[in-house]
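Colleague: The structure follows.
The values are calculated or read from the model by the stated rules, or taken from the named source; none is laboratory data. Predicted, not measured: the structure shown is a model, and the values here were computed from it. Cβ placement follows ideal geometry from the backbone for every residue including glycine, while neighbour counts extend to all protein chains displayed. Keep in mind that these areas ignore ligands, DNA and RNA; they rest on the heavy atoms of the full protein, side chains included. Shrake-Rupley method; radii C 1.70, N 1.55, O 1.52, S 1.80 Å.
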Amino acid sequence: MPYPTDRERDRPWVMRTYAGHSSAAKSNELYRRNLAKGQTGLSVAFDLPTQTGYDPDHELAKGEVGKVGVPVTHLGDMRTLFDQIPLAGANTSMTINATAMWLLSLYVSVAQEQAEAEGTDWHEVVAKLAGTTQNDIIKEYLSRGTYVFPPGPSLRLITDMVAWTVTNVPNWNPINICSYHLQEVGATPVQEVAYAMCTAIAVLDAVRDSGQVPAEKFGEVVQRISFFVNAGVRFVEEMCKMRAFTELWDEITRDRYGITDAKQRRFRYGVQVNSLGLTEAQPENNVQRIVLEMLAVSLSRKARARAIQLPAWNEALGLPRPWDQQWALRMQQVLAFETDLLEYEDIFDGSPVIEAKVNEIITGAREEIDRVQAMGGAVPAVESGYMKTQMVGSLAERRRLIEAGEQIIVGVNKFDTTEPSPLQAEGAKAIETVDPAFEQEAVEAVKRWRAARDNDKVTESLRVLRDAAKTEANLMDATLACARAGVTTGEWSAALREVFGEYRAPTGVSGASASGEAGAELATVRERVKATGEELGERLRMLVGKPGLDGHSNGAEQIAVRARDTGFEVVYQGIRLTPDQIVAAAVQEGVHVVGLSILSGSHLEAVPAVVDGLRAAGAGDIPVVVGGIIPPDDAEILAARGVARVFTPKDYEMTQIMDEIVNVIREANKLG
């Protein structure tokens with residue numbers, strides 16, 4: 001997005017809607033419909049199997065296909081996804097991290113095919129490709145959990161992509177340093193700025209030290225680094241955070257990397273406003289929250305986002321419908337085209353209040369950056385669990401403030417009387433649902449794809465990829481060859497898993513505590529936990545499980561922290577477990593209750609599998625409780641399948657949840 005001179009009216013930002021579900025064909029229809037409504041960029045949501053490197057027929061993919069995004073399993077799916085959308089003129093953001101190299105290779109391959117079909121030089125078309133692969137693996141270890149490989153090899157994949165795109169796709173942003181999810185899992189503004197900068201430093205150092213980019217071209221590397229940030233409802237503080245980001249990035253790129261061109265040092269970022277703050281209770285309040293959060297990243301011209309995507313009012317309930325997404329797009333269009341926002345220079349210059357807040361954030365961020373660098377940088381700070389523990393602790397403190405009523409959430413912990421909402425009058429039809437048939441269709445489709453391709457070519461391309469991964473060669477060319485040969489997402493990832501291994505990130509739970517928790521209620525529940533354990537003759541044990549591929553673990557981590565603080569012995573093994581693994585752990589540890597956390601929409605598949613597995617293992621007396629984004633109709637289905645309790649985002653008081661779990665244990669053990 002070109003920057004205007006100070007005397008010109010600012011250009012509107014790229015307007016996107018984060019979208020994709022069910023299948024490549026259904027998502028393509030949605031994209032073309034959104035573009036026709038005036039959306040100026042695409043933001044592709046991929047499903048969890050695609051993000052974590054599994055094909056639809058893998059055991060861990062069961063129940064997850066097409067739920068939180070579109071499944072892209074091979075080149076044919078990518079062709080379908082962008083059918084009738086000329087990539088040479090598109091601006092595409094892809095929320096993809098561990099498998100970013102693979103998805104970019106599929107995207108580039110489709111662009112080449114489009115060029116060849118039109119009889120144009122595909123090199124020229126690829127050189128024009130504009131957009132972003134998120135590709136920030138550091139924050140995956142800290143928040144979303146869609147990592148695959150250990151930090152070292154993951155950073156190598158990012159380095160190879162950056163070096164390759166600077167030469168071959170010069171308008172592409174090969175990485176989006178993504179602080180968005182850091183705020184979602186508890187990061188304060190200082191932590192969000194500091195940890196994003198530490199990630200950027202790790203990436204730039206790795207690219208510089210790889211020797212793949214000549215020193216004279218390093219400014220082009222810096223220029224292609226973009227950021228993706230979060231904007232919360234405290235919009236003055238959030239706006240100051242963005243000004244702090246801008247100043248710190250200019251300072252780091254100038255002083256650490258010697259970039260003299262001011263244009264190459266510009267802080268270029270896109271934003272999704274805060275989905276964490278959207279509420280299930282009185283969801284109509286989310287409309288004004290979204291608008292206020294949008295102001296945080298648009299009011300200050302010097303720190304204005306160059307791309308914005310807004311959630312829909314009902315995303316705390318489930319997938320938004322096309323009409324809901326249209327409403328979110330129209331919010332952006334009204335701000336950009338009806339108001340006078342873009343007509344002025346920066347309206348905050350010279351404000352002592354703003355300057356003081358910006359300096360406060362910068363000072364705190366510098367201190368935290370220095371602390372992480374003293375540990376050896378972002379990767380060691382991930383491997384040690386330091387950054388994860390800091391954010392789990394920050395989120396525990398945020399939850400304490402909400403539960404104590406010190407931080408007000410309108411419609412949740414204050415002003416909670418309400419009228420029936422006409423927006424929800426349709427009940428289950430008020431959100432988009434994914435037909436389970438799409439998963440079976442995807443399973444059958446990938447089998448047909450494998451049967452129809454040249455498997456000798458597939459085998460050879462995967463051999464070349466594995467061999468290259470054992471060296472220091474750039475892996476983009478080998479990956480592109482795999483894409484064109486018809487390799488699948490799961491096969492590409494499996495080949496690299498063989499070489500790089502897999503990884504389980506620290507959970508951050510052991511070092512965090514809900515310190516300062518209001519004493520009386522916590523003490524009461526702690527006494528109930530102790531007394532119930534004494535009646536049973538042993539300390540109460542709770543297994544907190546994350547079945548399937550949903551890596552959003554902050555809820556599970558907070559439950560684990562609160563359970564431990566109320567006196568439970570907690571078994572928490574992290575994310576990405578099969579139902580069989582959860583059942584085995586529950587039986588082996590002799591737990592008194594299993595708590596499952598699912599946010600991806602796969603609850604109707606994953607939860608009954610755990611319940612049935614416990615019964616098959618002779619442990620059907622262990623009660624199961626579930627927390628997540630679960631519509632009322634689905635909650636009834638789960639109860640009928642044997643789930644003892646279902647908790648949703650409206651159940652925000654975690655100590656009360658612990659109290660109810662004690663009730664569940666007492667009922668299961670027939671204690672009065």
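Colleague: What is the residue count in region 304-359 for residues that are open to solvent by less than 50 Å² (accessible area, probe 1.4 Å) and either in contact (Cβ under 8 Å) with a residue 12 or more places away in the chain or touching a Phe, Trp or Tyr at 6+ places or on another chain (Cβ under 7 Å) (or both)?
Modeller: So the count comes out to 33.
Colleague: From the residues in region 368-389 that are of a type outside the set (A, V, I, L, M) and touching a residue at least 40 places away in the same chain (Cβ under 8 Å), which one is nearest to T246 (Cα to Cα)?
Modeller: Filtering first and then ranking leaves E368.
Colleague: Also, quick follow-up: Restricting attention to region 210-261, report how many residues are part of a loop (DSSP other than H, G, I, E, B) and open to solvent by 40 Å² or more (accessible area, probe 1.4 Å).
Modeller: Residues meeting the conditions: 9.
Residue-wise test of (1) surrounded by fewer than 19 Cβ atoms within 10 Å (Cβ to Cβ); (2) out of contact with any Cys (no Cβ under 9 Å at 6 or more places or on another chain); (3) among the acidic types (D, E).
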position	(1), (2), (3)
N455	yes, yes, no
L480	no, yes, no
A485	no, yes, no
E498	yes, yes, yes
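Colleague: Now for a different question. Which ones in region 278-320 are assigned to a helix (DSSP H, G or I) and within 26 Å of M94 (Cβ to Cβ)?
Modeller: N286, I290, E293, M294, A296, A303
Colleague: Mind listing whichever residues of region 618-653 are at positive phi and in contact (Cβ under 8 Å) with a residue 60 or more places away in the chain?
Modeller: Hit for region 618-653 is G628, nothing else.
Colleague: Which of the residues belonging to region 424-448 are open to solvent by 60 Å² or more (accessible area, probe 1.4 Å) and closer than 30 Å to P150 by Cα?
Modeller: Within region 424-448, K447 is the sole residue that qualifies.
Colleague: Still on this structure, I have one more. Quick check on my filter: what residues within region 99-121 are open to solvent by 10 Å² or more (accessible area, probe 1.4 Å) and either assigned to a loop (DSSP other than H, G, I, E, B) or within 19 Å of V487 (Cα to Cα) (or both)?
Modeller: Q112, E113, G119, T120, D121
Colleague: Specify the residue that is least open to solvent (accessible area, probe 1.4 Å); the eligible residues are those in region 526-569 that are assigned to a loop (DSSP other than H, G, I, E, B) and basic (K, R).
Modeller: Only one residue fits best here, namely K546.
Colleague: Within region 606-623, can one find any residue that is in a strand (DSSP E or B) and over 17 Å from V664 (Cβ atoms)?
Modeller: Within region 606-623 (the criterion being in a strand (DSSP E or B) and over 17 Å from V664 (Cβ atoms)), the answer is no, since none of the residues qualifies.
Colleague: Among the numbered criteria (1) within 27 Å of K447 (Cβ to Cβ); (2) touching a Gly at 6+ places or on another chain (Cβ under 7 Å); (3) open to solvent by 10 Å² or more (accessible area, probe 1.4 Å), which one does F46 miss?
Modeller: (3)
Colleague: Inside region 321-429, counting only helices (runs of 4 or more DSSP H) that do not spill past its ends, which hold 3 or more residues that are more than 30 Å from I252 (Cα to Cα)?
Modeller: Fully inside region 321-429 and qualifying: 322-337, 386-403.
Colleague: Could you count how many residues in region 654-672 are under 28 Å from R400 (Cα atoms), open to solvent by 40 Å² or more (accessible area, probe 1.4 Å) and either touching a residue at least 12 places away in the same chain (Cβ under 8 Å) or within 32 Å of the chain's Cα centre (by Cα) (or both)?
Modeller: 3
Colleague: Which count do you get for residues in region 414-446 that are of a type in the set (F, W, Y) and farther than 22 Å from H603 by Cα?
Modeller: Count: 1.
Colleague: With the condition kept exactly as written, say whether any residue in region 624-640 is in a helix (DSSP H, G or I), under 22 Å from A396 (Cα atoms), over 30 Å from the mean Cα position of the chain (by Cα) and at pLDDT 90 or above.
Modeller: Looking through region 624-640, none of the residues is in a helix (DSSP H, G or I), under 22 Å from A396 (Cα atoms), over 30 Å from the mean Cα position of the chain (by Cα) and at pLDDT 90 or above.
Colleague: Any chance region 123-136 includes a residue that's at pLDDT below 95, out of contact with any Lys or Arg (no Cβ under 9 Å at 6 or more places or on another chain), buried (at least 24 other Cβ atoms within 10 Å of the Cβ) and in a helix (DSSP H, G or I)?
Modeller: No: zero hits.
Colleague: Could you check region 412-423 and list, in sequence order, the residues that are open to solvent by less than 80 Å² (accessible area, probe 1.4 Å) and without any contact (Cβ under 8 Å) to a residue 60 or more places away in the chain?
Modeller: Answer for region 412-423, where residues must be open to solvent by less than 80 Å² (accessible area, probe 1.4 Å) and without any contact (Cβ under 8 Å) to a residue 60 or more places away in the chain: there is none.
Colleague: In the set N97, N91, which member is touching a residue at least 40 places away in the same chain (Cβ under 8 Å) and under 23 Å from A442 (Cα atoms)?
Modeller: Criteria check complete, one pass: N97.
Colleague: Restricting region 457-478 to residues that are under 25 Å from L155 (Cβ atoms) and among the acidic types (D, E), which is least open to solvent (accessible area, probe 1.4 Å)?
Modeller: Only one residue tops the list, namely D467.
Colleague: May I ask you to list pairs of residues, at least six apart or on different chains, whose Cβ atoms are under 7 Å apart, with the first in region 128-148 being at positive phi and the second being in a helix (DSSP H, G or I)?
Modeller: N135/A100; N135/I158; N135/M161
Colleague: Does any residue of region 597-611 turn out to be over 25 Å from V529 (Cβ atoms), open to solvent by 30 Å² or more (accessible area, probe 1.4 Å) and among the polar types (S, T, N, Q)?
Modeller: No: region 597-611 contains no residue that is over 25 Å from V529 (Cβ atoms), open to solvent by 30 Å² or more (accessible area, probe 1.4 Å) and among the polar types (S, T, N, Q).
Colleague: Find the residue count for region 570-583, including only residues that are in a helix (DSSP H, G or I), open to solvent by 30 Å² or more (accessible area, probe 1.4 Å) and either touching a strand residue (DSSP E or B) at 6+ places or on another chain (Cβ under 7 Å) or touching a residue at least 24 places away in the same chain (Cβ under 8 Å) (or both).
Modeller: Selection size over region 570-583: 2.
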